[in-house]
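See structure below.
The values are calculated or read from the model by the stated rules, or taken from the named source; none is laboratory data. The structure displayed is predicted, hence computed values, not measured ones. As a convention, Cβ positions derive from the backbone with ideal geometry for all residues, glycine included, and neighbour counts pool all protein chains shown.
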Amino acid sequence: MSKKQSFYIQNDLIILFILFVCVSLLAIYNAQQLDQYGKNFVLQQIVWFTIGVGIVAAIQYLDIEQIQKASVFIYGFGVLVLAVLLISPEAIAKPVNNAKSWFQLPGLSLQPAEFTKITTIIYMAAVIHSHKQKFERPTVKSDILMLVKILAVVGAPVFLIMQQPDFGTAMVYLFIAGMIIILSGIDWKIITFLIVSISAILGAVLGFIVKFPDLAKKIVGDDQAYQIDRIMTWFDPTQQTSDATWHFDQAFMALGSGQLFGKGLGTPQVNFPEAQTDFIFSIIGESFGFVGSALVIFLYFMLLYKLVTIGLAIYKHSPFAAYICFGYLSMLLVHVFQNVGMAIGIMPVTGIPLLLISYGGSSVLSTMLGFGVIYRIAVENSIQNDYLFK
């Protein structure tokens, strides 16, 4: 492979990253004009992205084989940190919105679950690769064994995250695992049975909540009753009067008020909480309109396309790296679908950020950690085809 080809591979990812940074800073600048917190989010986001670039650069000194060998240790460390978080005193881990999800240190707050997404993806990829090497001729029994292994890997962090509790983040983990299971080569009969079973359970749970919301609130407890309100608002926002309804109404109003080309920079008019994080897409819609929102979606499409291209190209000679690509792709996909879906009303309100755009240190740094691994994979495996920019 020529140096010129290698340059183009790296340039694709760099250009996409720079574009996302620009969108993020512009959107956060507009959200900041609402003056909800009196904090310079733009400057802090620049700091997070700068640290993230340092993380990406540091990862380039590793090779994929080293990452694979270390996967069990970094996964174990991530799970350990999640466990320590639960038993930490409120002095360093005070509950936020009834969830003990953050380490709160002087001048710094970190959400471990964001980072363990990446470590879990890497270890799942290692487990699948190791299993396939051991069982070169898969059978129903070996496929079930691999399914159990994957569920065990994702089950540990999900269990700990549910204890916080943070149902939205736990669902992200399960979606990532589901996508990896589908792409792992497990017999489709097993996957179909799994999908039907999960769909039936989810349908029954949602049906129970909609039919008996008051009883559902008693079951989950007062601290988590708002989760039921969010689900009820999702099903019928016109019949609800909860805070979740107000959040949705305001965000939806902001998104629609931008019309075709938006109101421009520095002119947000619709006030709603967490505009710089959970509802950043509504800010984009208000500021830059349908055209700006569509361009952001197109950016994500380009990045997802690039991940698919890399994953498929390296699958035969580096399946471990390919599964990391597919896992990272799944993480981006669920975050984009949930966050954008929440803004336009097709998904319930959650605290899921829009990766690479929403404000937040943990979100940015964990996403950049994964981006660094993907960048290393692209360089090391020397992809030769399907450039985005030739």
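In this structure, does ILE190 turn out to be farther than 20 Å from ILE352 by Cα, in contact with a Ser or Thr (Cβ under 9 Å, 6 or more places away or on another chain) and of a type in the set (Val, Ile, Thr)?
It is false that ILE190 is farther than 20 Å from ILE352 by Cα, in contact with a Ser or Thr (Cβ under 9 Å, 6 or more places away or on another chain) and of a type in the set (Val, Ile, Thr).
Kindly provide the set of residues from region 153-165 that are more than 11 Å from THR120 (Cα to Cα) and surrounded by fewer than 21 Cβ atoms within 10 Å (Cβ to Cβ), ordered by number.
Of region 153-165, the ones more than 11 Å from THR120 (Cα to Cα) are 159-165.
Scanning region 153-165 gives PHE159, MET162, GLN163, PRO165.
List the number of the failed condition for THR119; all other conditions in (1) surrounded by 15 or more Cβ atoms within 10 Å (Cβ to Cβ); (2) in contact (Cβ under 8 Å) with a residue 60 or more places away in the chain hold. Tallying (1) surrounded by 15 or more Cβ atoms within 10 Å (Cβ to Cβ); (2) in contact (Cβ under 8 Å) with a residue 60 or more places away in the chain, THR119 fails exactly one: (2).
For region 162-231, please list each of the helices (runs of 4 or more DSSP H) lying entirely inside it that holds at least 3 residues being at negative phi, modelled with pLDDT of 90 or more and out of contact with any strand residue (DSSP E or B) (no Cβ under 6 Å at 6 or more places or on another chain). Before you say what the answer is, go through the steps one by one.
Working: elements: 167-183, 188-211, 213-220.
Hits in region 162-231: 167-183, 188-211.
Only one of the numbered conditions (1) of a type in the set (A, V, I, L, M, F, W, C); (2) surrounded by fewer than 18 Cβ atoms within 10 Å (Cβ to Cβ); (3) in a loop (DSSP other than H, G, I, E, B) is violated by LEU145, and that is (3). Of all residues in region 317-333, those satisfying the criterion of being surrounded by fewer than 22 Cβ atoms within 10 Å (Cβ to Cβ) and hydrophobic (A, V, I, L, M, F, W, C) are LEU332, LEU333. Looking at region 1-120, the helices (runs of 4 or more DSSP H) lying wholly inside it that each contain 2 or more residues that are small (Gly, Ala, Ser) and modelled with pLDDT under 85 sit at 3-32. So for region 268-283 (the condition being over 17 Å from the mean Cα position of the chain (by Cα), outside any loop (DSSP other than H, G, I, E, B), modelled with pLDDT of 90 or more and aliphatic (A, V, I, L, M)), does at least one residue qualify? The answer is no; no qualifying residue exists.
Residues to consider are ALA99, ALA93, ALA31, ALA125; find the one that is surrounded by 18 or more Cβ atoms within 10 Å (Cβ to Cβ), under 30 Å from ILE314 (Cβ atoms) and not polar (S, T, N, Q). From the options ALA99, ALA93, ALA31, ALA125, the qualifying one is ALA125.
Quick one: is LEU255 modelled with pLDDT under 80, in a helix (DSSP H, G or I) and closer than 16 Å to ILE346 by Cβ? Full working, then the answer.
On the way: modelled with pLDDT under 80: yes; in a helix (DSSP H, G or I): yes; closer than 16 Å to ILE346 by Cβ: yes.
Answer is yes for this residue.
Please work out which residue is surrounded by the fewest Cβ atoms within 10 Å (Cβ to Cβ), limiting yourself to region 343-361 and to residues that are of a type in the set (A, V, I, L, M) and over 14 Å from the mean Cα position of the chain (by Cα). Quick ask: steps written out before the conclusion?
Quick first cut of region 343-361, residues of a type in the set (A, V, I, L, M) only: 343-344, 346-347, 349, 352, 354-357.
Subsequent filtering for residues that are over 14 Å from the mean Cα position of the chain (by Cα) retains 343-344, 346-347, 349.
Numbers: ALA343: 25, ILE344: 16, ILE346: 11, MET347: 15, VAL349: 28.
Per the stated criteria, the residue is ILE346.
In the set VAL349, VAL334, VAL364, VAL291, only one residue is more than 19 Å from ASN11 (Cβ to Cβ) and not in a helix (DSSP H, G or I); that residue is VAL349.
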